[in-house]
Amino acid sequence: MPVIVEPDSTAVADLQRAQPAGSHAVGTEDRLTAWLDQHPDEYVVVLGPSIALDAAVGVAEDLRIQRPTVSIVLVRDEFDTELLTRAMHAGVRDVVRRDDEKALTLAVERAHQLHAALRGPAGARRLGRVVTVFSPKGGVGKTTASVNLALALSDGGARKVCLVDLDLAFGDVAITMQLFPTHSIEHAVGSESAIDLAMLEGLLTRHEDSLTVLAAPSHPDVRERITPALISRTLRALREGFDYVVVDTSPSFDDATLTALDETDECVVVATLDVPTLKNVKVALETMDLLRIARGHRHLLLNRADDAVGISVAKVESILGMPVAARVTTAMEIAASTNAGTPIVIGTPQHAASQSFRDLAELMTGQSVDGPGTSRASTGRSRGLFRRGRN
Ligand SMILES: Nc1ncnc2c1ncn2[C@@H]1O[C@H](COP(=O)(O)OP(=O)(O)O)[C@@H](O)[C@H]1O
Ligand SMILES: [Mg+2]
């Protein structure tokens, strides 16, 4: 059912008249976020005349990436071409005048038709979620986290997961998993317009039964030829065939990383307990704020989170202004698992680090991930925080 964002009750009553029975109204953008989290099937957000244009544009920009099947309809007392252009660029589907009840009814109907078409019959076509693992520093554990998180998400094959290595010059996902890819993302160069799931399937490498990898090119100089369009088309196509697309990145805001972050639903930010890394992570988070990337969907992973280095977890949280979602301590078994090509989540599933990666996966899915000696029924730790629909 449509959801209206409008603090003024008279305006709400006017807007509701133009909509199907059962439409819901919230007073603020924050309430809207909570509503959408609980309503994975929502198809339209109507932003009322009291919502400031900047705020409305912000909502549209966020939803354009995070909930592409939700249409935004903007209601204004009046509007000009400049406003229309700005709204359309932000991803607003329709702008209607407050007193034009008929136009609003039609806009909501169009949103419903679009939603039904995108989801297919009986909602069959569900899009997977893109989870990007990022840090502005190298060597902090991005690849370790990507690989183990992807394996934890796949839960032994219960979910379809594709791990994409976007560290295009020095990607080491394949070697970390002891894979020997015959194809990589490099083989999509030149075929950008033909990228779809069927085409990409020929470029993927399987890791045992549970995970699929799109490897980085084998030579660093190929990086120049992998365009942002190629990357975004690849991620969009993979969403159609996988429940989760996990993206490992290089330690900088290069074009590949920025493109992935633009497509991202959930972002895992990796930090370690040293001042230079924390400083750079803080700058990176501020940049992500400016670019409106994954706001409200960032999860801080503290790697090598050992007590004896003089910076506490509380201090990290206050420096970075966000809670630590998961911690992994320094462990010889992690380094050894990388060297052996068997990620710790499958090599030593009972290790505390493996549990941390499963906890992180649980945060993404809202469902517990089985480890040794646990069962879905007995863990009962489903937090539901990110149990957003994949629509
Ligand atoms: N918590 C940890 N304890 C011990 N070794 C670790 C830990 N996290 C990562 N490593 C090791 O550090 C190295 C760099 O990690 P990696 O994940 O490749 O970092 P990045 O991708 O950020 O450059 C790898 O050899 C990995 O095994
Ligand atoms: Mg790496």
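Of the peptides 28-34, 53-59, the ranking by mean beta-carbon count within 10 Å, highest at the top, reads 53-59, 28-34. Selection among Val161, Pro2, His115 by position relative to the dipole of the chain gives Val161 as farthest towards the positive end (Cβ unit charges, Cα centre). Computed from Cα positions, the angle between helix 81-90 and the longest principal axis of the chain comes to roughly 30 degrees.
The relative contact order of the chain comes to 17 percent, based on Cα pairs under 8 Å that sit 6 or more residues apart.
Given the options Val328, Val130, Ala260, identify the residue whose Cα lies farthest towards the positive end of the charge dipole of the chain (+1 on Cβ of Lys, Arg; -1 on Cβ of Asp, Glu). Result: Val328. Entry note, region 3-123: relative contact order of 26 percent, from Cα contacts under 8 Å with a spacing of 6+ residues.
Lysine pair count for the chain (Cα-Cα distance under 26 Å; residues 8 or more apart in sequence or on different chains): 9.
Where both residues lie in region 129-371, what percent of DSSP beta bridges are antiparallel, nearest 5? If I count the DSSP bridges inside region 129-371, around 10 percent turn out antiparallel. Once the Cβ-Cβ distance of Ala308 and Met1 is raised to the sixth power relative to R0 = 41 Å, the FRET efficiency obtained is 0.15. The overall shape of region 3-123, judged from the alpha-carbon gyration tensor, is rounded, with an a/c ratio under 1.5. When +1 charges are put on Lys and Arg Cβ atoms and -1 charges on Asp and Glu Cβ atoms, the dipole computed for the chain relative to its Cα centre reaches about 700 debye.
Note on Met364, Met288: ascending count of other Cβ atoms within 10 Å places them as Met288, Met364, the fewest first. Principal-axis analysis of the Cα atoms of the chain puts helix 275-290 at an angle of about 20° to the longest axis. A straight chain from Thr287 to Ala158 at 0.36 nm per residue would run longer than the Cα-Cα distance by 42.9 nm.
Order by neighbour count: Lys137, Lys282, fewest other Cβ atoms within 10 Å first, most last.
Lys282, Lys137
The modelled label-to-label distance between Gln113 and Asp100, using points 7 Å beyond Cα along the C-beta direction, is 1.7 nm.
With all projection directions averaged, the alpha carbon convex hull of the chain covers 20.6 nm². Helix 29-38 and the long axis of the chain differ in direction by around 70°, with both axes built from C-alpha atoms. Between Ala13 and Ala335, full extension at 0.36 nm per residue minus the direct alpha carbon distance yields a gain of 109.8 nm. Charge tally around Ala294: other residues with Cβ under 11 Å, Lys/Arg +1 each, Asp/Glu -1 each, net -3. Fewest-first ordering of Ser218, Ser146 by other beta carbons within 10 Å of each residue's beta carbon gives Ser218, Ser146. Report note on the peptides 77-87, 200-210, 253-263: ranked by the mean count of other C-beta atoms within 10 Å, highest first, their order is 253-263, 200-210, 77-87.
If each DSSP helix of 4+ residues adds -39,500 (n - 2.57) and the sum is divided by the residues in the chain, what number results at 222 nm, nearest 500 deg cm²/dmol?
One gets -12000 deg cm²/dmol as the mean residue ellipticity at 222 nm.
Each reported figure results from applying straightforward, stated rules to the coordinates on display, with no laboratory input. In this text, all values refer to a predicted model and were calculated from it rather than measured experimentally. As a convention, Cβ positions derive from the backbone with ideal geometry for all residues, glycine included, and neighbour counts pool all protein chains shown.
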